[in-house]
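Taking it in order: structure first as structure tokens, then the write-up.
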């Protein structure tokens with residue numbers, strides 16, 4: 001089960017200088033990449049750097065879309081539900097639907113009986 | 001996240017945690033596709049091109065184009081760095097040779 005604390009470094013920024021010009025810590029990205037599956041055995045040195053940039057773009061897009069939902073509700077605090085709404089409204093983020101749903105979608109088991 | 005939002009905007013702790021989970025899922029999602037490509041091509045190492053290809057395949061075309069340019073720039077810089085280090089290494093070697101020549105005479 002994922003714990004938020006484990007990944008808090010992802011958004012902590014690269015101010016320490018250890019991450020170089022990247023906003024996201026490369027070591028954490030590498031860890032997540034390797035945890036993705038047994039098939040992922042070797043990663044080139046440039047892959048986490050490309051991913052770091054890709055994640056920046058991803059965060060930017062999801063944040064902007066979530067903020068639009070927040071503004072529509074005339075609030076100034078972006079909350080979890082705004083992120084969920086942005087995910088539901090964007091086809092590209094379909095892979096996140098189960099992650100952001102509070103209750104898992106009920107499966108129609110009648111067809112399997 | 002804060003850099004993208006207006007100065008007075010606030011982000012709830014839960015929203016940050018949700019975003020972190022979404023990013024992790026994004027990485028896993030893309031890397032699985034890139035890994036599948038490498039397996040098909042009988043390669044063991046996932047490189048930057050595989051990541052860009054996976055992004056484009058999964059619909060993140062808007063990310064793929066700037067990332068390909070970013071990747072090539074990175075490779076150029078790394079190439080320059082390596083060349084500079086090599087030159088420095090040769091220069092040091094040359095100076096050592098000169099010193100040793102002086103010692104002989």
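Quick note: the coordinates plus some simple rules give every number you see, no bench work behind them. Here the structure is a predicted model, which is why all the values come from computation and not from measurement. Note that we place each Cβ from the backbone using ideal geometry, even for glycine, and neighbour counts take in every protein chain shown.
Legend: ranking of residues A:96, B:55, B:77 from fewest to most surrounding C-beta atoms inside 10 Å; resulting order B:77, A:96, B:55. Using the Cβ-Cβ distance between residue B:3 and residue B:85 with R0 = 30 Å, the FRET efficiency computed as 1/(1 + (r/R0)^6) comes to roughly 0.35. Mean per-residue shielding of peptide A:58-67 is 6, counting Cβ atoms of other chains within 10 Å of each Cβ. Counting every other Cβ atom within 10 Å of each residue's Cβ, B:70, B:36, B:63 order from fewest to most as B:36, B:70, B:63.
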